[in-house]
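The values are calculated or read from the model by the stated rules, or taken from the named source; none is laboratory data. In this text the structure is predicted, and so the values were computed from the model without any measurement. Note: ideal-geometry Cβ built from the backbone for every residue, glycine included; neighbour counts use all protein chains shown.
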Amino acid sequence: MITFLHNRARTTLTDIDPDTTVLNWLRGPAGCTGTKEGCASGDCGACTVVVGEPQHGKMVWKTANSCLMLVSQLQGKQLLTVEDLAQGNQLHPAQQTLADNHGSQCGFCTPGIVMSMFALQKNAPGADRHSIEQHLGGNLCRCTGYRPIIEAAQALCQAPDDDQFQANSAAIAQQLAQITGEENDDEENDATTELAGGNHRCLLPKDITSLARLYQQYPQAHLLAGGTDLALQITQFYRQLPLLISLNHVKELSAITVTDSMITLGATARLSDIGHQLQSYIPAFSEMLTRFASCQVRNQATLAGNLANASPIGDGAPMLLALGASLSLQCGEQQRELPLDDFFLDYRKTALAPGEFIRAIHIPRVTVSPSFQAWKVSKRREDDISTVFGAFNLHHDQGVITSARLAFGGMAAVPARALACESELCAKPLSETTLAAACSALDKDFSPMSDFRGTKDYRLQVAKNLLRRYFMSQLQGSDLVEVSQYVG
Ligand SMILES: Cc1cc2nc3c(=O)[nH]c(=O)nc-3n(C[C@H](O)[C@H](O)[C@H](O)COP(=O)(O)OP(=O)(O)OC[C@H]3O[C@@H](n4cnc5c(N)ncnc54)[C@H](O)[C@@H]3O)c2cc1C
Ligand code: FES
Ligand code: FES
(Lines give C-alpha, C1' and ligand atoms only; values in the text may rest on other atoms or scores of the structure.)
(Ligands and ions follow the chains in the order given, each with its own letter.)
Protein backbone atom coordinates (compact mmCIF):
# COMPACT_ATOMS: atom_id res chain seq x y z
CA MET A 1 0.00 0.00 0.00
CA ILE A 2 1.22 3.51 -0.76
CA THR A 3 -0.29 6.87 0.18
CA PHE A 4 0.27 10.24 -1.43
CA LEU A 5 -1.53 13.48 -2.22
CA HIS A 6 -3.06 13.82 -5.66
CA ASN A 7 -3.25 17.59 -5.55
CA ARG A 8 -4.85 17.92 -2.08
CA ALA A 9 -6.67 14.59 -2.13
CA ARG A 10 -5.18 11.88 0.03
CA THR A 11 -4.85 8.88 -2.25
CA THR A 12 -4.07 5.31 -1.25
CA LEU A 13 -3.15 2.63 -3.76
CA THR A 14 -3.38 -1.06 -2.94
CA ASP A 15 -3.45 -3.98 -5.31
CA ILE A 16 -1.79 -2.24 -8.22
CA ASP A 17 1.03 -3.67 -10.33
CA PRO A 18 4.14 -1.79 -9.10
CA ASP A 19 5.49 -1.86 -12.68
CA THR A 20 2.76 0.72 -13.47
CA THR A 21 4.12 4.11 -14.44
CA VAL A 22 2.58 7.23 -12.93
CA LEU A 23 1.58 8.19 -16.48
CA ASN A 24 -0.37 4.96 -17.02
CA TRP A 25 -1.97 5.26 -13.60
CA LEU A 26 -3.02 8.84 -14.36
CA ARG A 27 -4.41 8.13 -17.81
CA GLY A 28 -5.94 4.79 -16.73
CA PRO A 29 -7.42 4.26 -13.25
CA ALA A 30 -7.20 7.92 -12.23
CA GLY A 31 -8.94 9.08 -15.42
CA CYS A 32 -6.72 12.16 -15.74
CA THR A 33 -5.92 12.36 -19.42
CA GLY A 34 -4.54 15.91 -19.39
CA THR A 35 -1.05 14.44 -19.05
CA LYS A 36 0.01 13.11 -22.45
CA GLU A 37 2.20 10.28 -23.67
CA GLY A 38 4.56 11.17 -26.49
CA CYS A 39 7.58 8.86 -26.37
CA ALA A 40 7.30 6.92 -23.09
CA SER A 41 11.09 7.17 -22.84
CA GLY A 42 11.77 10.50 -21.12
CA ASP A 43 12.67 12.33 -24.32
CA CYS A 44 9.72 14.57 -25.16
CA GLY A 45 8.33 16.00 -21.90
CA ALA A 46 4.67 15.59 -22.92
CA CYS A 47 4.11 13.56 -19.73
CA THR A 48 5.69 16.12 -17.38
CA VAL A 49 4.08 16.30 -13.94
CA VAL A 50 5.16 18.09 -10.80
CA VAL A 51 6.08 16.22 -7.64
CA GLY A 52 6.03 18.07 -4.32
CA GLU A 53 7.99 17.20 -1.19
CA PRO A 54 8.12 18.99 2.14
CA GLN A 55 11.41 20.57 3.13
CA HIS A 56 11.74 22.41 6.44
CA GLY A 57 7.95 22.67 6.75
CA LYS A 58 7.40 24.11 3.27
CA MET A 59 6.84 22.54 -0.10
CA VAL A 60 9.41 22.12 -2.86
CA TRP A 61 7.91 21.34 -6.27
CA LYS A 62 9.90 19.80 -9.09
CA THR A 63 9.14 18.33 -12.48
CA ALA A 64 9.33 14.65 -13.35
CA ASN A 65 8.63 12.55 -16.43
CA SER A 66 5.60 10.53 -15.37
CA CYS A 67 6.43 7.95 -18.08
CA LEU A 68 9.65 7.11 -16.18
CA MET A 69 8.21 7.22 -12.70
CA LEU A 70 6.75 4.11 -11.11
CA VAL A 71 3.75 4.50 -8.83
CA SER A 72 5.69 3.46 -5.71
CA GLN A 73 7.80 6.60 -6.14
CA LEU A 74 4.76 8.68 -5.17
CA GLN A 75 4.72 7.39 -1.58
CA GLY A 76 4.60 10.39 0.79
CA LYS A 77 4.71 12.96 -2.06
CA GLN A 78 2.29 15.36 -3.71
CA LEU A 79 1.45 14.77 -7.38
CA LEU A 80 0.29 17.74 -9.48
CA THR A 81 -0.87 17.53 -13.07
CA VAL A 82 -2.14 20.07 -15.54
CA GLU A 83 -5.71 19.46 -14.29
CA ASP A 84 -4.75 20.73 -10.84
CA LEU A 85 -3.59 24.23 -11.70
CA ALA A 86 -6.68 26.23 -12.70
CA GLN A 87 -9.13 27.35 -10.03
CA GLY A 88 -12.60 27.16 -11.51
CA ASN A 89 -12.54 29.23 -14.69
CA GLN A 90 -9.42 31.05 -13.60
CA LEU A 91 -6.34 29.72 -15.37
CA HIS A 92 -3.14 29.40 -13.38
CA PRO A 93 -0.58 32.12 -14.24
CA ALA A 94 1.59 29.48 -15.98
CA GLN A 95 -1.34 28.64 -18.28
CA GLN A 96 -2.53 32.21 -18.74
CA THR A 97 0.94 33.53 -19.55
CA LEU A 98 1.52 30.77 -22.09
CA ALA A 99 -1.81 31.58 -23.78
CA ASP A 100 -1.18 35.35 -23.67
CA ASN A 101 2.17 34.87 -25.42
CA HIS A 102 0.75 32.55 -28.11
CA GLY A 103 2.84 29.69 -26.70
CA SER A 104 -0.08 27.29 -26.37
CA GLN A 105 0.35 25.55 -29.69
CA CYS A 106 -0.75 21.95 -29.52
CA GLY A 107 -2.52 19.68 -27.08
CA PHE A 108 0.32 17.17 -26.91
CA CYS A 109 3.17 19.35 -25.72
CA THR A 110 1.32 22.12 -23.93
CA PRO A 111 0.32 20.26 -20.72
CA GLY A 112 3.94 19.24 -20.15
CA ILE A 113 5.24 22.71 -20.98
CA VAL A 114 2.75 24.26 -18.54
CA MET A 115 4.00 21.96 -15.76
CA SER A 116 7.64 22.81 -16.52
CA MET A 117 6.79 26.53 -16.47
CA PHE A 118 4.95 26.10 -13.16
CA ALA A 119 8.06 24.52 -11.58
CA LEU A 120 10.37 27.01 -13.29
CA GLN A 121 8.65 29.95 -11.64
CA LYS A 122 8.84 28.25 -8.26
CA ASN A 123 12.48 27.15 -8.50
CA ALA A 124 14.07 29.92 -10.55
CA PRO A 125 12.21 33.20 -10.07
CA GLY A 126 13.72 35.93 -12.25
CA ALA A 127 15.48 33.27 -14.36
CA ASP A 128 17.44 34.49 -17.37
CA ARG A 129 17.11 32.99 -20.83
CA HIS A 130 19.91 30.47 -20.27
CA SER A 131 18.30 29.17 -17.09
CA ILE A 132 14.89 29.05 -18.78
CA GLU A 133 16.36 26.94 -21.59
CA GLN A 134 17.86 24.59 -19.02
CA HIS A 135 14.51 24.19 -17.28
CA LEU A 136 12.51 23.73 -20.47
CA GLY A 137 15.13 21.67 -22.36
CA GLY A 138 13.22 18.46 -21.61
CA ASN A 139 10.04 19.68 -23.35
CA LEU A 140 10.08 19.17 -27.09
CA CYS A 141 7.83 21.13 -29.40
CA ARG A 142 7.75 19.36 -32.71
CA CYS A 143 6.39 22.38 -34.55
CA THR A 144 9.54 24.23 -33.37
CA GLY A 145 7.54 27.13 -31.97
CA TYR A 146 9.97 27.74 -29.14
CA ARG A 147 10.09 31.53 -29.32
CA PRO A 148 6.61 32.22 -27.88
CA ILE A 149 7.13 29.49 -25.26
CA ILE A 150 10.38 31.07 -24.07
CA GLU A 151 8.83 34.53 -24.11
CA ALA A 152 5.98 33.23 -21.97
CA ALA A 153 8.48 31.67 -19.54
CA GLN A 154 10.41 34.94 -19.36
CA ALA A 155 7.22 36.84 -18.55
CA LEU A 156 6.19 34.30 -15.92
CA CYS A 157 9.58 34.43 -14.20
CA GLN A 158 9.19 38.18 -13.78
CA ALA A 159 5.75 37.83 -12.16
CA PRO A 160 5.28 37.29 -8.41
CA ASP A 161 4.69 33.67 -7.44
CA ASP A 162 1.62 34.01 -5.26
CA ASP A 163 -0.59 31.15 -6.41
CA GLN A 164 -2.77 28.90 -4.26
CA PHE A 165 0.05 26.37 -3.87
CA GLN A 166 2.38 28.92 -2.28
CA ALA A 167 -0.45 30.13 -0.07
CA ASN A 168 -1.13 26.57 1.12
CA SER A 169 2.47 25.38 1.17
CA ALA A 170 2.68 24.86 4.95
CA ALA A 171 -0.69 23.10 5.08
CA ILE A 172 0.29 20.72 2.26
CA ALA A 173 3.60 20.01 3.97
CA GLN A 174 1.67 19.18 7.13
CA GLN A 175 -0.65 16.81 5.26
CA LEU A 176 2.40 15.00 3.88
CA ALA A 177 4.11 14.96 7.27
CA GLN A 178 1.03 13.22 8.62
CA ILE A 179 1.26 10.56 5.91
CA THR A 180 4.95 10.01 6.68
CA GLY A 181 4.23 10.01 10.42
CA GLU A 182 1.64 7.27 10.00
CA GLU A 183 4.11 5.34 7.88
CA ASN A 184 6.74 5.64 10.61
CA ASP A 185 4.26 4.48 13.26
CA ASP A 186 3.79 1.32 11.22
CA GLU A 187 7.56 0.98 11.24
CA GLU A 188 7.48 -0.25 14.81
CA ASN A 189 5.76 -3.34 13.49
CA ASP A 190 7.39 -3.48 10.09
CA ALA A 191 10.35 -1.57 8.65
CA THR A 192 9.20 -2.21 5.09
CA THR A 193 6.14 -1.06 3.18
CA GLU A 194 4.98 -3.25 0.33
CA LEU A 195 3.02 -2.53 -2.83
CA ALA A 196 1.76 -5.59 -4.65
CA GLY A 197 -0.51 -6.39 -7.56
CA GLY A 198 -0.63 -8.58 -10.65
CA ASN A 199 1.92 -11.02 -9.13
CA HIS A 200 4.47 -8.20 -8.92
CA ARG A 201 5.85 -6.72 -5.71
CA CYS A 202 7.70 -3.59 -4.75
CA LEU A 203 9.32 -3.53 -1.31
CA LEU A 204 9.97 -0.12 0.22
CA PRO A 205 12.38 -0.54 3.15
CA LYS A 206 12.74 2.45 5.46
CA ASP A 207 16.25 1.86 6.78
CA ILE A 208 19.56 0.53 5.52
CA THR A 209 19.46 -2.61 7.65
CA SER A 210 16.13 -3.67 6.17
CA LEU A 211 17.30 -2.77 2.66
CA ALA A 212 20.49 -4.81 3.05
CA ARG A 213 18.61 -7.77 4.51
CA LEU A 214 15.98 -7.75 1.75
CA TYR A 215 18.46 -7.42 -1.10
CA GLN A 216 20.56 -10.23 0.33
CA GLN A 217 17.41 -12.33 0.61
CA TYR A 218 16.28 -11.43 -2.94
CA PRO A 219 19.43 -10.73 -5.00
CA GLN A 220 17.40 -11.21 -8.19
CA ALA A 221 15.29 -8.11 -7.34
CA HIS A 222 15.74 -4.87 -9.28
CA LEU A 223 16.79 -1.91 -7.16
CA LEU A 224 14.79 1.20 -7.89
CA ALA A 225 16.41 4.61 -7.36
CA GLY A 226 15.27 7.40 -9.73
CA GLY A 227 13.92 4.84 -12.19
CA THR A 228 15.00 6.92 -15.20
CA ASP A 229 16.95 3.99 -16.57
CA LEU A 230 15.04 1.09 -15.05
CA ALA A 231 11.59 2.25 -16.17
CA LEU A 232 12.73 1.97 -19.80
CA GLN A 233 12.85 -1.81 -19.28
CA ILE A 234 9.09 -1.65 -18.84
CA THR A 235 8.11 1.08 -21.28
CA GLN A 236 10.54 0.35 -24.14
CA PHE A 237 11.39 -3.34 -23.83
CA TYR A 238 8.05 -4.50 -22.35
CA ARG A 239 9.87 -6.49 -19.69
CA GLN A 240 8.24 -7.50 -16.45
CA LEU A 241 10.03 -6.57 -13.25
CA PRO A 242 8.37 -8.97 -10.80
CA LEU A 243 10.27 -7.81 -7.72
CA LEU A 244 11.46 -4.27 -7.06
CA ILE A 245 13.25 -2.98 -3.99
CA SER A 246 12.95 0.77 -3.74
CA LEU A 247 15.84 2.73 -2.23
CA ASN A 248 13.76 5.87 -2.02
CA HIS A 249 12.55 5.65 1.57
CA VAL A 250 15.89 4.95 3.20
CA LYS A 251 16.64 8.38 4.64
CA GLU A 252 20.35 7.72 5.25
CA LEU A 253 20.88 7.22 1.51
CA SER A 254 19.77 10.67 0.39
CA ALA A 255 22.33 12.81 2.25
CA ILE A 256 24.97 14.98 0.59
CA THR A 257 27.72 15.88 3.05
CA VAL A 258 30.84 17.97 2.65
CA THR A 259 33.68 17.89 5.19
CA ASP A 260 37.17 19.39 4.97
CA SER A 261 38.46 16.19 3.43
CA MET A 262 35.54 14.52 1.66
CA ILE A 263 32.42 15.08 -0.41
CA THR A 264 29.95 12.24 0.13
CA LEU A 265 26.96 11.72 -2.13
CA GLY A 266 24.35 9.32 -0.80
CA ALA A 267 23.07 6.73 -3.27
CA THR A 268 19.68 8.40 -3.69
CA ALA A 269 20.85 12.03 -3.79
CA ARG A 270 19.23 13.49 -6.93
CA LEU A 271 21.34 14.97 -9.69
CA SER A 272 19.60 18.34 -9.41
CA ASP A 273 20.43 18.51 -5.68
CA ILE A 274 24.00 17.34 -6.27
CA GLY A 275 24.46 20.01 -8.95
CA HIS A 276 23.13 22.65 -6.61
CA GLN A 277 25.21 21.60 -3.59
CA LEU A 278 28.51 21.10 -5.41
CA GLN A 279 28.38 24.45 -7.17
CA SER A 280 30.87 26.06 -4.82
CA TYR A 281 33.13 23.01 -4.43
CA ILE A 282 33.46 21.61 -7.97
CA PRO A 283 31.79 24.19 -10.24
CA ALA A 284 32.66 22.36 -13.48
CA PHE A 285 30.96 19.22 -12.13
CA SER A 286 27.76 21.15 -11.44
CA GLU A 287 27.95 22.93 -14.76
CA MET A 288 28.30 19.63 -16.57
CA LEU A 289 25.29 18.14 -14.80
CA THR A 290 23.16 20.78 -16.53
CA ARG A 291 24.03 18.93 -19.77
CA PHE A 292 22.91 15.61 -18.23
CA ALA A 293 19.56 14.61 -19.72
CA SER A 294 16.77 17.09 -18.90
CA CYS A 295 15.57 18.93 -15.83
CA GLN A 296 12.80 16.33 -15.37
CA VAL A 297 15.33 13.46 -15.46
CA ARG A 298 17.84 15.25 -13.20
CA ASN A 299 15.12 15.80 -10.60
CA GLN A 300 14.70 12.01 -10.32
CA ALA A 301 17.99 10.43 -11.36
CA THR A 302 20.89 9.51 -9.08
CA LEU A 303 24.62 9.22 -9.67
CA ALA A 304 24.67 5.76 -8.06
CA GLY A 305 22.09 4.59 -10.63
CA ASN A 306 24.23 6.14 -13.33
CA LEU A 307 27.26 4.13 -12.17
CA ALA A 308 25.34 0.90 -11.53
CA ASN A 309 23.92 0.82 -15.05
CA ALA A 310 27.56 0.91 -16.24
CA SER A 311 26.78 2.56 -19.54
CA PRO A 312 29.98 3.28 -21.50
CA ILE A 313 28.46 6.66 -22.36
CA GLY A 314 27.22 7.54 -18.87
CA ASP A 315 28.23 11.08 -17.92
CA GLY A 316 28.83 10.61 -14.21
CA ALA A 317 31.56 7.98 -14.40
CA PRO A 318 34.27 9.90 -16.32
CA MET A 319 33.99 12.85 -13.95
CA LEU A 320 34.08 10.65 -10.86
CA LEU A 321 37.01 8.59 -12.24
CA ALA A 322 38.97 11.76 -12.93
CA LEU A 323 38.18 12.99 -9.41
CA GLY A 324 39.51 9.78 -7.80
CA ALA A 325 36.11 8.81 -6.35
CA SER A 326 35.48 5.67 -4.36
CA LEU A 327 32.30 3.81 -3.44
CA SER A 328 30.84 2.51 -0.20
CA LEU A 329 29.21 -0.81 -0.99
CA GLN A 330 27.09 -3.00 1.25
CA CYS A 331 25.95 -6.60 1.09
CA GLY A 332 24.03 -7.87 4.10
CA GLU A 333 26.01 -6.67 7.10
CA GLN A 334 29.27 -6.52 5.15
CA GLN A 335 30.51 -3.14 3.95
CA ARG A 336 33.51 -2.42 1.76
CA GLU A 337 35.13 0.57 0.10
CA LEU A 338 36.04 0.24 -3.56
CA PRO A 339 37.95 2.73 -5.73
CA LEU A 340 35.78 3.59 -8.74
CA ASP A 341 38.84 2.59 -10.82
CA ASP A 342 38.02 -1.03 -9.93
CA PHE A 343 34.23 -0.83 -10.38
CA PHE A 344 33.70 -1.23 -14.14
CA LEU A 345 34.78 -4.72 -15.20
CA ASP A 346 33.44 -5.00 -18.75
CA TYR A 347 30.60 -3.78 -20.95
CA ARG A 348 27.65 -3.25 -18.56
CA LYS A 349 29.44 -5.38 -15.95
CA THR A 350 30.39 -4.06 -12.53
CA ALA A 351 32.15 -5.36 -9.42
CA LEU A 352 28.84 -5.42 -7.50
CA ALA A 353 28.27 -8.89 -6.03
CA PRO A 354 24.75 -10.39 -5.95
CA GLY A 355 22.79 -8.64 -3.20
CA GLU A 356 25.33 -5.80 -2.99
CA PHE A 357 24.37 -2.16 -3.47
CA ILE A 358 26.02 1.26 -3.58
CA ARG A 359 25.53 3.19 -0.34
CA ALA A 360 27.48 6.32 -1.22
CA ILE A 361 30.02 7.91 -3.53
CA HIS A 362 33.05 9.65 -2.00
CA ILE A 363 35.15 12.35 -3.65
CA PRO A 364 38.36 13.17 -1.75
CA ARG A 365 38.70 16.94 -1.76
CA VAL A 366 42.49 16.84 -1.93
CA THR A 367 42.21 15.19 -5.36
CA VAL A 368 40.00 17.92 -6.82
CA SER A 369 42.09 20.37 -8.82
CA PRO A 370 40.74 23.92 -9.07
CA SER A 371 41.27 23.49 -12.80
CA PHE A 372 39.03 20.39 -13.04
CA GLN A 373 37.04 20.49 -16.28
CA ALA A 374 34.59 18.20 -18.04
CA TRP A 375 33.06 18.43 -21.49
CA LYS A 376 30.38 16.48 -23.26
CA VAL A 377 30.15 16.22 -27.04
CA SER A 378 26.72 15.15 -28.25
CA LYS A 379 24.59 15.70 -31.30
CA ARG A 380 22.19 17.97 -29.43
CA ARG A 381 22.95 20.34 -26.58
CA GLU A 382 19.82 19.57 -24.56
CA ASP A 383 18.73 16.15 -23.42
CA ASP A 384 21.13 14.00 -25.42
CA ILE A 385 23.52 11.15 -24.68
CA SER A 386 27.28 11.69 -25.09
CA THR A 387 29.22 10.69 -28.15
CA VAL A 388 32.42 11.43 -26.24
CA PHE A 389 32.77 12.72 -22.69
CA GLY A 390 36.12 13.94 -21.35
CA ALA A 391 37.01 14.84 -17.75
CA PHE A 392 40.35 16.46 -16.90
CA ASN A 393 41.80 16.80 -13.43
CA LEU A 394 45.36 18.11 -13.59
CA HIS A 395 47.30 19.74 -10.80
CA HIS A 396 50.11 21.96 -11.99
CA ASP A 397 52.58 24.18 -10.25
CA GLN A 398 54.51 26.94 -12.02
CA GLY A 399 53.78 25.41 -15.41
CA VAL A 400 54.72 21.84 -14.45
CA ILE A 401 52.07 19.14 -14.18
CA THR A 402 52.28 17.53 -10.75
CA SER A 403 49.44 15.01 -11.10
CA ALA A 404 47.05 13.98 -13.85
CA ARG A 405 43.79 12.05 -13.88
CA LEU A 406 41.91 11.98 -17.17
CA ALA A 407 38.86 9.86 -17.94
CA PHE A 408 36.63 9.44 -20.97
CA GLY A 409 33.21 8.07 -21.82
CA GLY A 410 32.29 6.79 -25.27
CA MET A 411 35.82 5.63 -25.98
CA ALA A 412 35.70 2.01 -24.74
CA ALA A 413 33.29 -0.66 -23.48
CA VAL A 414 33.45 0.99 -20.07
CA PRO A 415 34.10 4.54 -18.90
CA ALA A 416 37.87 4.56 -18.42
CA ARG A 417 40.93 6.54 -17.41
CA ALA A 418 43.51 7.39 -20.07
CA LEU A 419 46.49 5.87 -18.26
CA ALA A 420 49.09 6.15 -21.06
CA CYS A 421 48.08 9.74 -21.62
CA GLU A 422 48.31 10.47 -17.89
CA SER A 423 51.86 9.13 -17.74
CA GLU A 424 52.85 11.40 -20.64
CA LEU A 425 51.57 14.35 -18.62
CA CYS A 426 52.96 13.72 -15.15
CA ALA A 427 56.00 15.84 -14.23
CA LYS A 428 55.97 17.47 -17.68
CA PRO A 429 55.62 21.16 -18.51
CA LEU A 430 52.26 22.44 -19.77
CA SER A 431 53.52 22.89 -23.30
CA GLU A 432 52.85 22.07 -26.92
CA THR A 433 55.36 19.23 -26.83
CA THR A 434 53.67 17.66 -23.83
CA LEU A 435 50.24 18.08 -25.43
CA ALA A 436 51.40 16.42 -28.65
CA ALA A 437 52.83 13.43 -26.77
CA ALA A 438 49.71 13.17 -24.61
CA CYS A 439 47.45 13.25 -27.68
CA SER A 440 49.46 10.46 -29.32
CA ALA A 441 49.19 8.42 -26.13
CA LEU A 442 45.39 8.54 -26.43
CA ASP A 443 45.81 6.26 -29.47
CA LYS A 444 47.35 3.70 -27.12
CA ASP A 445 44.67 4.16 -24.48
CA PHE A 446 41.62 3.77 -26.68
CA SER A 447 40.37 1.99 -29.73
CA PRO A 448 36.76 3.18 -29.73
CA MET A 449 33.97 1.58 -31.71
CA SER A 450 32.14 3.18 -34.61
CA ASP A 451 28.39 3.55 -34.28
CA PHE A 452 25.62 5.94 -35.29
CA ARG A 453 26.91 8.55 -32.84
CA GLY A 454 30.42 8.67 -34.30
CA THR A 455 33.16 6.72 -36.02
CA LYS A 456 36.27 5.45 -34.29
CA ASP A 457 38.41 8.18 -35.90
CA TYR A 458 35.91 10.89 -35.02
CA ARG A 459 35.85 9.81 -31.38
CA LEU A 460 39.64 9.75 -31.11
CA GLN A 461 39.89 13.16 -32.73
CA VAL A 462 37.25 14.58 -30.39
CA ALA A 463 39.09 13.18 -27.35
CA LYS A 464 42.31 14.82 -28.53
CA ASN A 465 40.54 18.09 -29.23
CA LEU A 466 39.04 18.10 -25.74
CA LEU A 467 42.48 17.58 -24.25
CA ARG A 468 43.76 20.42 -26.40
CA ARG A 469 40.90 22.60 -25.23
CA TYR A 470 41.82 21.79 -21.65
CA PHE A 471 45.44 22.79 -22.25
CA MET A 472 44.27 26.03 -23.85
CA SER A 473 42.06 26.76 -20.87
CA GLN A 474 45.07 26.33 -18.56
CA LEU A 475 47.41 28.54 -20.51
CA GLN A 476 47.35 32.26 -20.94
CA GLY A 477 48.80 34.75 -23.43
CA SER A 478 51.79 33.62 -25.51
CA ASP A 479 51.55 30.01 -24.32
CA LEU A 480 48.01 29.90 -25.70
CA VAL A 481 49.23 31.00 -29.13
CA GLU A 482 51.88 28.30 -29.05
CA VAL A 483 49.32 25.60 -28.24
CA SER A 484 46.73 26.87 -30.70
CA GLN A 485 49.17 26.05 -33.49
CA TYR A 486 49.02 22.39 -32.60
CA VAL A 487 46.88 20.31 -34.92
CA GLY A 488 45.94 17.14 -33.06
C1 LIG B 1 15.65 10.82 -21.61
C2 LIG B 1 16.87 10.31 -20.91
C3 LIG B 1 18.03 11.03 -20.99
C4 LIG B 1 19.19 10.56 -20.35
N5 LIG B 1 20.31 11.29 -20.47
C6 LIG B 1 21.43 10.88 -19.86
C7 LIG B 1 22.61 11.64 -19.97
O8 LIG B 1 22.65 12.73 -20.56
N9 LIG B 1 23.73 11.15 -19.38
C10 LIG B 1 23.74 9.96 -18.70
O11 LIG B 1 24.78 9.55 -18.20
N12 LIG B 1 22.62 9.22 -18.56
C13 LIG B 1 21.47 9.65 -19.12
N14 LIG B 1 20.32 8.92 -18.99
C15 LIG B 1 20.33 7.64 -18.26
C16 LIG B 1 19.83 7.72 -16.78
O17 LIG B 1 19.00 8.81 -16.59
C18 LIG B 1 21.00 7.86 -15.82
O19 LIG B 1 21.85 6.75 -15.94
C20 LIG B 1 20.57 8.01 -14.35
O21 LIG B 1 21.65 8.55 -13.62
C22 LIG B 1 20.15 6.70 -13.72
O23 LIG B 1 19.87 6.94 -12.36
P24 LIG B 1 18.51 6.46 -11.69
O25 LIG B 1 18.58 6.83 -10.26
O26 LIG B 1 17.35 6.94 -12.44
O27 LIG B 1 18.68 4.88 -11.85
P28 LIG B 1 17.58 3.74 -11.89
O29 LIG B 1 16.87 3.76 -13.17
O30 LIG B 1 16.75 3.73 -10.66
O31 LIG B 1 18.57 2.48 -11.83
C32 LIG B 1 19.49 2.21 -12.86
C33 LIG B 1 20.18 0.87 -12.58
O34 LIG B 1 21.02 0.99 -11.44
C35 LIG B 1 20.61 0.11 -10.40
N36 LIG B 1 20.81 0.84 -9.16
C37 LIG B 1 20.26 2.04 -8.84
N38 LIG B 1 20.75 2.48 -7.67
C39 LIG B 1 21.60 1.54 -7.23
C40 LIG B 1 22.42 1.41 -6.06
N41 LIG B 1 22.44 2.34 -5.11
N42 LIG B 1 23.19 0.30 -5.95
C43 LIG B 1 23.20 -0.63 -6.91
N44 LIG B 1 22.44 -0.59 -8.03
C45 LIG B 1 21.65 0.50 -8.18
C46 LIG B 1 19.17 -0.24 -10.70
O47 LIG B 1 18.80 -1.48 -10.19
C48 LIG B 1 19.19 -0.24 -12.23
O49 LIG B 1 19.70 -1.45 -12.70
C50 LIG B 1 19.15 9.36 -19.61
C51 LIG B 1 17.95 8.64 -19.51
C52 LIG B 1 16.82 9.11 -20.14
C53 LIG B 1 15.56 8.34 -20.02
S1 FES C 1 6.09 10.59 -22.80
FE2 FES C 1 7.81 11.60 -23.67
S3 FES C 1 8.93 12.15 -21.90
FE4 FES C 1 7.35 10.95 -21.10
S1 FES D 1 3.54 22.78 -29.19
FE2 FES D 1 3.20 20.71 -29.80
S3 FES D 1 4.40 20.56 -31.59
FE4 FES D 1 4.82 22.59 -30.95
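Does Ala177 satisfy the condition of being of a type in the set (A, V, I, L, M, F, W, C) and in contact (Cβ under 8 Å) with a residue 24 or more places away in the chain?
Criteria met by Ala177.
So in segment 311-351, with the set limited to residues that are under 16 Å from Ala412 (Cβ atoms) and in a strand (DSSP E or B), which one is farthest from ligand 3 (Cβ to nearest atom)?
Leu345
From the list Leu475, Leu442, which one is of a type in the set (A, V, I, L, M) and modelled with pLDDT of 95 or more?
That would be Leu442, the only listed residue that is of a type in the set (A, V, I, L, M) and modelled with pLDDT of 95 or more.
What number of residues within segment 67-98 satisfy the criterion of being more than 30 Å from Asp17 (Cα to Cα), in contact (Cβ under 8 Å) with a residue 24 or more places away in the chain and outside any loop (DSSP other than H, G, I, E, B)?
5
Yes or no, residue by residue, for (1) in contact with a Pro (Cβ under 8 Å, 6 or more places away or on another chain); (2) buried (at least 19 other Cβ atoms within 10 Å of the Cβ):
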residue	(1), (2)
Ile2	no, yes
Asn7	no, no
Ile16	yes, yes
Thr21	no, yes
Ala30	no, no
Glu37	no, no
Ala40	no, yes
Gly45	no, yes
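Which numbered condition trips up Arg336, out of (1) away from ligand 2 (no atom under 16 Å from the Cβ); (2) in contact with a Gly (Cβ under 8 Å, 6 or more places away or on another chain); (3) of a type in the set (Lys, Arg)?
Only one criterion is unmet by Arg336, namely (2).
Could you check, for segment 187-197, whether at least one of its residues is out of contact with any helix residue (DSSP H, G or I) (no Cβ under 6 Å at 6 or more places or on another chain) and within 16 Å of ligand 2 (Cβ to nearest atom)?
No, segment 187-197 contains no residue that is out of contact with any helix residue (DSSP H, G or I) (no Cβ under 6 Å at 6 or more places or on another chain) and within 16 Å of ligand 2 (Cβ to nearest atom).
What are the residues in segment 352-400 that are modelled with pLDDT of 95 or more, surrounded by 18 or more Cβ atoms within 10 Å (Cβ to Cβ), in contact with a Pro (Cβ under 9 Å, 6 or more places away or on another chain) and not in a strand (DSSP E or B), if any?
Across segment 352-400, the qualifying residues are Gly355, Phe372.
In segment 247-295, which residue that is touching an Asp or Glu at 6+ places or on another chain (Cβ under 7 Å) and part of a loop (DSSP other than H, G, I, E, B) is farthest from Trp375 (Cα to Cα)?
Val250
Take segment 56-68 and flag every residue that is crowded, with 24+ Cβ neighbours inside 10 Å and in contact with a strand residue (DSSP E or B) (Cβ under 6 Å, 6 or more places away or on another chain).
Within segment 56-68, Thr63, Ala64, Ser66, Cys67 meet the criteria.
Run Ile172 past the list (1) in the same structural domain as Gln220 (by TED's automatic domain parsing); (2) in contact (Cβ under 8 Å) with a residue 24 or more places away in the chain; (3) over 27 Å from the mean Cα position of the chain (by Cα) and report the number of the one that doesn't hold.
Condition (3) is where Ile172 drops out.
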